[in-house]
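The values are calculated or read from the model by the stated rules, or taken from the named source; none is laboratory data. Treat the numbers as computed from the prediction; the structure is a model and nothing was measured. Backbone-built Cβ (ideal geometry, glycine too); neighbour counts: all protein chains shown.
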Amino acid sequence: MRHFVSRKGLVHLLPLALIVIVLVASSLTRAEANPAELRQAQPTLTINPSSLVIKVGQNASATVTLSGSPTSYGMVCFTLEGLPTSGFITSMDPECVSSGSSEAINSTLSVEATPAAAPQNFSVFVVASSATWSERAQLGITVVPALPAWIPWAMILAFILVFISSVVVRKKRTKDSRKLRTTPFGATNPITQHRTDQRRHCLKPGV
């Protein structure tokens, strides 16, 4: 009799066990989907422009934007990775931001190539991070040589010298042409007379 009752009880418990199995499977499925949902909620980091060209001795800047849902992530800080150890000065303004009600967080990255920086190409990463997540975005940097300070002055000086030389030559030609025009009728032009004397001297016998 007891054996019969236990079997009957098991028959009644079977639907309950099936319900429990379905609930457990559903919770596991939700747990597996949770990371993807969290990933979608994580903000996106972008840099505009995505590359910078900097002359030695000068600086350039880019806007770093964190978009998504920053209101739920607390304090967000920006850092820079991959920069050469010397020749550059960088700053983020602001460096850390407390998430407010805005939909995006902006920070300005400034990169200065000091005179010690060599012409080169490289990439750095801007990292935005909070207590629970971090995002990275790549920035390309090209350093080009600056024009030496004396080159513009040398070009200006060369232009002035060429201009003065052309004025002097023009005045000399004008003066010679005026001499030719003002020679009296029947008088011998000094220039022509000088050339004639040279020719006669060369034609003399024994010379």
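Taking region 112-133 as the range and being small (Gly, Ala, Ser), under 30 Å from Gly74 (Cβ atoms) and surrounded by 14 or more Cβ atoms within 10 Å (Cβ to Cβ) as the test, the residues that pass are Ala128, Ser129, Ser130. Of the residues making up region 53-76, those that are closer than 15 Å to Phe125 by Cα and either at pLDDT 95 or above or not assigned by TED's automatic domain parsing to the domain that holds Thr114 (or both) are Ser61, Ala62, Thr63, Val64. Restricting region 93-111 to residues that are in contact with a Phe, Trp or Tyr (Cβ under 9 Å, 6 or more places away or on another chain) and either surrounded by fewer than 17 Cβ atoms within 10 Å (Cβ to Cβ) or among the small types (Gly, Ala, Ser) (or both) leaves a set whose member that is nearest to Pro43 (Cα to Cα) is Ser99.
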